[in-house]
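Shown next, in structure tokens, is the structure this report addresses.
The values are calculated or read from the model by the stated rules, or taken from the named source; none is laboratory data. Nothing here was measured: the structure is a model prediction, and the numbers come from that model. Cβ sites come from the backbone with ideal geometry, for glycine too, and all protein chains shown count toward neighbours.
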Amino acid sequence: MRRFLIAFSFFVISVCLNQHIKAGDLFSGEWRMFVTSTGAEVPERDASIMLNIVKSGNFYNVQIKVPQAPQTAKKNRGGGYWDQFLQASQDQQTQFAIQLIREQYTGKYMLGDDGKTIEHLNGSVSFRYRKEGEMLYSKDLGCFKKQGGETSEPSLVAGNSKDEATKLNLQKIRSAIEKFRFNYDGAYPDNLRYSLFTPYLRNIPAEMITGSSNVVGSFDGSGGWCYLGDLQDSGFGKIFPNLKGKDSAGVEYKDY
């Protein structure tokens, strides 16, 4: 009986250690970004941001590799993966942005209390592991899949990315409206295509759920944005996603 108890104890300890090792290895390996923070898919054929994560003691060393922007992307701006690196027209400015990403994300990380997040010791950035997609998620960069692992459907794993990107684009529009009001004694623009408004927001960003930047004057849930520019409307001046349904947190899109 005593031998049985000893053997059983070793078995339990072994299982616990294995679970601990597995938990500790969730992040180790090489990861490739396949969905950007805006919810756009990065095709397998394109160069992508790569993470190399190595566990060292109680910490994780993260190295980030940011590819150089290809010449074809520089000639064909708009709507693509490289938009985040190509805001500046000069190569020098583009390289500065790439170097900034490298410096911000490279470094030593520590496992968070939840056991699913690694947090930069000298910064505010983090990566979160999602078992359902076998992936890492970064709020500012996007979704990463482990090299050699199964590919997850972008539409299933990038929900939060698209929600956050939609909120960000909505904030850009609202900020532009407030700047307009500041210069026009508190008045709202008649519509967002109004010639006097375009200097404040030359191109209306899309909501990233459907990818539409269309603007309508009354809510119909067809995508894009709804701007209430009619003085007779009780919600005059409001701008919100023209979307039916709820986001990944259970919030109605039209309540953003």
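On inspection, Asn203 fails the criterion of being outside the structural domain of Arg128 (by TED's automatic domain parsing), under 30 Å from Lys139 (Cβ atoms) and surrounded by 13 or more Cβ atoms within 10 Å (Cβ to Cβ). Scanning the stretch 205-247 for residues that are within 17 Å of Ser161 (Cα to Cα), assigned to a loop (DSSP other than H, G, I, E, B) and among the aliphatic types (A, V, I, L, M) gives Ala206, Met208, Ile209.
Taking the stretch 101-125 as the range and being free of Cβ contacts under 8 Å to residues at least 12 places away in the same chain and exposed (fewer than 13 other Cβ atoms within 10 Å of the Cβ) as the test, the residues that pass are Glu103, Asp113, Asp114, Ser124.
If you take the residues in the stretch 108-141 that are among the basic types (Lys, Arg) and under 15 Å from Val35 (Cα atoms), which one is modelled with the highest pLDDT? Among those that are among the basic types (Lys, Arg) and under 15 Å from Val35 (Cα atoms), it is Arg128. Quick check on the stretch 78-90. Is at least one of its residues at pLDDT 60 or above and of a type in the set (S, T, N, Q)? The answer is no; no qualifying residue exists.
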